[in-house]
1. Sort out which residues of region A:2-35 are of a type in the set (A, V, I, L, M, F, W, C) and at pLDDT 85 or above, and write them in order of number.
2. I need the full set of residues from region A:57-68 which are within 7 Å of chain B (Cβ to nearest Cβ) and in contact with an Asp or Glu (Cβ under 9 Å, 6 or more places away or on another chain), in order please.
3. If you go through region B:79-92 one residue at a time, do you hit one that is in contact with a Lys or Arg (Cβ under 7 Å, 6 or more places away or on another chain), at pLDDT below 55 and hydroxyl-bearing (Ser, Thr, Tyr)?
4. So B:GLU43 clears everything in (1) buried (at least 18 other Cβ atoms within 10 Å of the Cβ); (2) of a type in the set (Asp, Glu); (3) modelled with pLDDT under 85 except one condition, right? Which one?
5. Just checking, does region B:121-137 include any residue being over 24 Å from B:HIS167 (Cβ atoms) and at pLDDT 60 or above?
6. In region A:181-189, is there at least one residue being at pLDDT 85 or above and surrounded by 15 or more Cβ atoms within 10 Å (Cβ to Cβ)?
Amino acid sequence: MKCTEFAKQLYGQGLGLELPEMEAHAETCPDCRDRLAAERIRRDALRRLSEASRPAAPSQECDHRVRAAFAGFRRRQKEQKAEGLWWPIPAKRLVWGGAAVAVLMLLAILPLKLRPGQRPATSSSVSGPIEQGSGALKSVDANQEKPETDVETATDYIAMTPCPDLKCLDGARNFRVLLPESTMSLFGLPVSGQNGRRQVEADVLVGADGTAHAIRFLRTATVNKIRTD
Amino acid sequence: MDRAQLERIRNGEEEAFVRLYESAKTSVFGFALHMCGRRDLAEEVTQETFALFLEQLKRFDPDRSDVLAYLIGIARNRLRRHMRRQSRYVAFESQTNAETSLAEAPGRSPQEKLLQGERLRLVRKAILALPEKYREVIVLCDLEEISYQQAAEALGCRVGTLRSRLHRARELLGRKLTACQGRVVGLDTAGELL
């Protein structure tokens, strides 16, 4: 028998220690002899400890507290049933409910997210409202019917001079200017980098002393406009 | 525990719950007691375990997991939380009621009673000195004598992992107890540890 087999046998589940092969190996191997002696001590010690600890039962006070916890549980169950509620909601219901909410949200958000050029062909090709006028039916282009609106988004104002109490802004005037897009990078804002000559709009707050105190950059998007180019 | 009993507990039948509690409380309490070495903490953990089980009753599926393993898993987590708070292990009580009754068995001399108490204290100390992952397997498999399958489920590991941990834990504990032997030999004239 090898030492590894001996150890496997020694610490295996509920195996005896009196096997002749083990005894024979232990006689020839001092390490395994020590292991065998230690294992005998361990088994005997745990057996005695197990006997001494039985029955390891909690006190009556603990029993009472657990029963009280169950009484609380039963009361809550009754209350929930009385209210017609069943909590926790079954997982299936939660999943289906969540899915329904997600679909509704998608339906609500999707039209806003779609750019005019990406609109499905059906929406733009549908004939517009039919006007009844000079005796003949006249089809009106949808582009003419829907007003174009510019939606402006802007950054916050970025201070250009130290002005903690904002008194410097008394009597300040706002000027809208066109600046190279690269100006945005001076204020730590991201630039597209696609076209070096691209210009962006900006609002500059100029104080009464003629100093520019703050700036914000704008982006204008046109919605409800179908591109013709 | 079968599905019918679980359903009865869910419906608030105390008898069904008491039957479960009576069948599992010894193992849960024994596990907690041997793991922390304190009776008061073990009782607190036992109580919390069953209270939490009731709260999580919806999640438990008797077809997929064993109730005892599930309860011991809860007890293990609660115990860890308590231990983290205290951030250290404390010494075992000097004597539990069971030990006292054993030591006071008729026919034992005062010297034998003292020796018996000292032996048990040393064994408990050796178990508590084991690293947590080894102590868990010794307590579950050797002291509480639950099956490898249940123990593995309670500890959230595979049976193979449990076996290898148990192998190492038994070896370590054997060494520790052998080292303790000398101290008891001084007390015991027969020179036998236990």
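The values are calculated or read from the model by the stated rules, or taken from the named source; none is laboratory data. Source: prediction; values computed, not measured. Here Cβ is always computed from backbone atoms with ideal geometry, including for glycine, and neighbour counts include all displayed protein chains.
1. Within region A:2-35, A:CYS29, A:CYS32 meet the criteria.
2. Hits for region A:57-68 are A:ALA57, A:PRO58, A:SER59, A:CYS62, A:ARG65.
3. For region B:79-92, residues in contact with a Lys or Arg (Cβ under 7 Å, 6 or more places away or on another chain), at pLDDT below 55 and hydroxyl-bearing (Ser, Thr, Tyr): absent.
4. Against the list (1) buried (at least 18 other Cβ atoms within 10 Å of the Cβ); (2) of a type in the set (Asp, Glu); (3) modelled with pLDDT under 85, B:GLU43 comes up short only on (3).
5. Taking every residue of region B:121-137 in turn, at least one turns out to be over 24 Å from B:HIS167 (Cβ atoms) and at pLDDT 60 or above.
6. Among the residues of region A:181-189, not one is at pLDDT 85 or above and surrounded by 15 or more Cβ atoms within 10 Å (Cβ to Cβ), which makes the answer no.
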